[in-house]
1. How much FRET efficiency would the formula 1/(1 + (r/R0)^6) give for Ser405 and Asp103, where r is the Cβ-Cβ distance and R0 is 51 Å, rounded to 0.05?
2. Gap in Å between the Cα centre of the stretch 335-362 and the Cα centre of the stretch 252-282?
3. With the crude spin-label approximation of a point 7 Å out along Cα→Cβ, what separation in nm comes out for Ala286 versus Ala380?
4. With a 10 Å Cβ neighbour count serving as the proxy for reagent exposure, in which order, fewest first, do Ser6, Ser234, Ser211 appear?
5. What's the Kirkwood radius of the chain in Å, using all Cα pairs?
6. Taking the Cα-to-Cβ direction at Cys297 and at Asp267 and moving 7 Å from each Cα, how far apart do the two end points lie in nm?
7. Can you tell me the relative contact order of the chain? Whole percent, Cα pairs under 8 Å, sequence separation 6 or more.
8. Based on the Cβ-Cβ distance of Ser208 and Leu319, what FRET efficiency does E = 1/(1 + (r/R0)^6) give at R0 = 35 Å, to the nearest 0.05?
Amino acid sequence: MLFGKSILLIVTAGIAAYKCPELVRRLRELGATVRCVMTDGAKEFVTPLTLSAVSEDKVYEDLFSLTDEQEMGHIQLSRDADVLLVAPASANTLAKMAGGQADNLAATVLLATDKPVLVAPAMNVRMWEHKATQANLKTITSRGVDLIGPVEGEMACGEYGMGRMSEPADIAAAVDSFFNTVKPLTGKRAIVTSGPTLEPIDPVRFISNRSSGKQGHAIAEALASFGADVTLVSGPTKLPDPFGVTMVYIESARDMLSACKELLCTDGRPADVAVCVAAVSDWYVADPSEEKLKKTCGEAPFPMTLRENPDILAALSALEENRPALVIGFAAETENIVGNAQAKLLRKGCDWIIANDVSPETKTFGGDDNTVHLITPAGANQWPAMSKSAVAKKLTTCIASALTSELKA
Ligand code: C5P
């Protein structure tokens, strides 16, 4: 049920807009209050009067209406809502969302909001399949927008295919489950490390490695999508911050360890899981120069003493106080993957190891796919080759079942 929930329904230009009065009714039957925003194009398919009648509220259409702005500014419209629902979402509006445009009231509200956004796309199959639309969908979903549909079927234009808006009852059910599905990791806290570390030699030079951070960031995002309160401690990467995750940016391994230790218990809540994915530099320069070092031009080279970095995974595993219930590490191996990873599990004292095959032919480093084995004290389990985001989701499912059953294997 949706009692007490306030939905801002954004209706854009698609023939499916004629189904919106029915959608408003379905949402209100579930107990929600619904307020509508329409684009100019949407008004060609359903009238503001109809939506106003079924929502029993004013319909907002104009970004530059003095009266509307005085009564209810565009920022307030999104602030008042618990969720923004775009239905039908035209290809044009999806493109505006992806590009961050704000040239009408609908797009402006979508850009100005910090509320969850659900979109029910509706368009011709070719527009749906167009690379531009698919790229826009990828962009907006990576920012946390959830899709409802579309479905396959007969189109108003006479074609058949993917792109029909989901039926109003199905959209209402999806909104209901958005609010009422208890996520398996709700109430759990997670710390994830990701990316490389960077160890200064002088103000402009450093020791680092080629880790992209893709796998660690994907794990942080997957844990958050399961409802966990996630902090991602990341070295420098080129990746966007994952959706719904608190970021802590560090450079050196020693800073990464301090950040992780600080996060072990916040507001009296200990972390439940730590996933150490970062490719931590093994050494740091003992005494980095404060000035840029000069070439020695044949003289004796600058003597660089390297010291060993702390092992963050081992340190978290060995904690006597506030040790997360589940500490998980990664092992990048090129041969004897399972054997080496099992030895690492014992050496580091962690609960699980994800062993990944990083031999050059797998293109794991910097690539989008990963081939892994889950190593626990109970044994080794090989997963088929899959994308790093699929590995993240599968691992998160295992974490959720371990934490909820308090089993570690
Ligand atoms: O010892 P090795 O680098 O192979 O171990 C890899 C695992 O240990 C990864 O989970 C990595 O994040 C973690 N690690 C760490 N601190 C280090 C070295 C590795 O947390 N100094």
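1. Working: r = 51 Å, r/R0 = 1.00.
The value I calculate is 0.50.
2. Using only Cα atoms to place each centre, the spacing works out to 21 Å.
3. Computed distance between label sites Ala286 and Ala380 equals 3.8 nm.
4. Values: Ser6 14, Ser234 28, Ser211 23.
Ascending Cβ contact count within 10 Å gives the list Ser6, Ser211, Ser234.
5. Working: mean 1/r = 0.0417 Å⁻¹.
Across the chain, the inverse of the average 1/r is 24.0 Å.
6. Modelled inter-label distance: 6.0 nm.
7. Numbers: 861 pairs, mean separation 43.7, N = 409.
11 percent.
8. Details: r = 27 Å, r/R0 = 0.78.
Using R0 = 35 Å, I get an efficiency of 0.80.
No value in this document is a laboratory result; all are computed from the given coordinates. Remember, it's a predicted structure, so these values are computed and weren't measured experimentally. Neighbour counts are summed over all protein chains in view; Cβ atoms, including those assigned to glycine, are modelled from backbone coordinates with ideal geometry.
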